[in-house]
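Comments concern the structure below.
No value in this document is a laboratory result; all are computed from the given coordinates. Quick caveat: nothing in here was measured; it's all calculated off a predicted structure. Here the Cβ positions follow ideal geometry from the backbone for every residue, glycine too, while neighbour counts run over all protein chains shown.
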Amino acid sequence: MTRKLALLGSTLCLALSAGVACADDLPVRKAGLWEMKLVTSGSPVPEMTMQHCTDETVDKEMSNNVSPMAKQICAKQEIKKTAAGYVSDSECSVAGVSTTSHAEITGDFNSAYTVKTSSHAQGGVAGAAGRDTTMTLQAKWLGACKPDQKPGDIVMPGGFKMNVRDMDKLKALLPK
């Protein structure tokens, strides 16, 4: 169960950080309810759909929470505007695993956007041989948040609900 929560937590972090990757450089998403479908190859969790209720304040808070953490674990983290959207490249190391990733972000932050990420991880439990992962995050704006939701709420598969403002709880789920 703990391993499942850690995997869920790290997948959620990846999804959310992809959604706001270096958000200082990206536009803020339109306030309301976003459906985020995450499809991953090379991972024990191949597909996951979640809903995220957000507003400008939450997106900025997520950036402020993810950014310092990324600065601690990433030797390189760049984002560039392109004609089609944005491109992000990073080199990070966590729990003995070094990961190099490249992401392409297209669409707009008012109705729908897509983040396509390819990464190569080396070291850690999987060994030195390395493993490659591709992830596609498709986000679409659904409208206003539901009456029982507040900005920051995320509804995960199976109805598990959490709020990104409880980031410290999420950090505790991640492997050391």
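General observations
- Net charge contributed by nearby residues that have their C-beta within less than 14 Å of His102 (K/R +1, D/E -1): -2
- Cross-link reach is defined here as a Cα-Cα straight distance under 13 Å, omitting same-chain residues fewer than 8 places apart; for Lys37 the aspartates and glutamates meeting it are Glu47.
- Cross-link reach is defined here as a Cα-Cα straight distance under 19 Å, omitting same-chain residues fewer than 8 places apart; for Lys71 the aspartates and glutamates meeting it are Asp24, Asp25, Asp59, Glu61, Asp89, Glu91, Asp168.
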